[in-house]
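The block underneath contains the structure these notes are about, expressed in structure tokens.
The values are calculated or read from the model by the stated rules, or taken from the named source; none is laboratory data. Quick caveat, the model's predicted, so the values are computed rather than measured. Cβ placement follows ideal geometry from the backbone for every residue including glycine, while neighbour counts extend to all protein chains displayed. Just so you know, the surface numbers come from the protein's heavy atoms only, side chains and all, with ligands and any DNA or RNA stripped out. Shrake-Rupley method; radii C 1.70, N 1.55, O 1.52, S 1.80 Å.
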Amino acid sequence: MALVLALTACEGANAQAGKAAANGELTGGAVTGGPASGGMATGSATPSAPATGKRASQSPAGGGERSSAPAAAGQPITPRMPPVWVDATGLYYALPIERNIGDVFVGGDPVVVQDGAARSACSKETSTPCAGVQAAGKKEMDARGNADKTRYEFTLFTFETEEQANTAMKGLAEHRRKSSAQDGVPAKPLTVDSGADETEAFRDGEVHYVVMRIGTVVADVLAYVSYGDEIARGHVEHAAIAQVARVKSVSSGINPDR
């Protein structure tokens, strides 16, 4: 099932940026080049080094670091840490690269769009207003030669707050379920331990859906895997874990490709 977000070649990216903003598609315009090819991001979010994804002295909701909650007498204070958050440049590096999934995979560079284009793309995918969305990114990869037609599509949306991300995540999961049920067969639940704050996973035949929230980031893993049920589940879970790990690394200021 094709996503609304379209991945295009990096060449001619700046010429496509205006079109992407109008159509709400993920096309090469805001950020191009990067970890898959060794290039660096260009355009409106240009890093001089792999992005940290961290806010400068500001929590996702604004106003600096969260303070610790008052503790009862004799009870230790538990720090309230800011949730995972990445900016548009960080989102670019948070998308997986081929070797994270397997040596047999090939694909193009990630694509990231921001502002109005991100909001339009997010709304189409989640059927929600996508309030607070900052950027949207996508990465696609196929098995080399595509002999077994295995394919992965990774999509990320980053928001200002966890609440905004939660609303979009629920909308995205429901949108996926409705799409998969159009053939009259409801999607079956899928058990995936991704390490995300929230995960909803299900499958429709060879198509596997994993929708996750990692702090203020919504991650969507769409996998076309034709192996036996348990083997396929293991491959999909591996991809979901890889996606979550990259988002957390970038948010922590760690280069996920080091």
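Numbers for the structure displayed
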quantity	calculated
Options T158, T150, T167; residue that is among the β-branched types (V, I, T), modelled with pLDDT of 95 or more and touching a strand residue (DSSP E or B) at 6+ places or on another chain (Cβ under 8 Å)	T158
Those residues of segment 189-209 which are under 19 Å from C130 (Cα atoms) and not acidic (D, E), in sequence order	T199
Residue in segment 209-228 that is open to solvent by 20 Å² or more (accessible area, probe 1.4 Å), polar (S, T, N, Q), touching a strand residue (DSSP E or B) at 6+ places or on another chain (Cβ under 8 Å) and at negative phi present	no
Selection count, segment 229-258, where residues are open to solvent by less than 40 Å² (accessible area, probe 1.4 Å) and among the hydrophobic types (A, V, I, L, M, F, W, C)	8
Any pair with Cβ under 7 angstrom, 6 or more apart, that starts in segment 82-100 at a residue that is free of Cβ contacts under 8 Å to residues at least 24 places away in the same chain and ends at one that is among the aromatic types (F, W, Y)	none
Residue, farthest from S249 (Cα to Cα), within segment 196-208, restricted to residues that are in contact with a strand residue (DSSP E or B) (Cβ under 8 Å, 6 or more places away or on another chain) and small (G, A, S)	A201
Among (1) more than 24 Å from T89 (Cα to Cα); (2) open to solvent by 10 Å² or more (accessible area, probe 1.4 Å) - the single one D197 does not satisfy	(1)
Scope segment 119-141; condition of a type outside the set (G, A, S), open to solvent by 40 Å² or more (accessible area, probe 1.4 Å) and touching a helix residue (DSSP H, G or I) at 6+ places or on another chain (Cβ under 7 Å); matching residues	P129, Q134
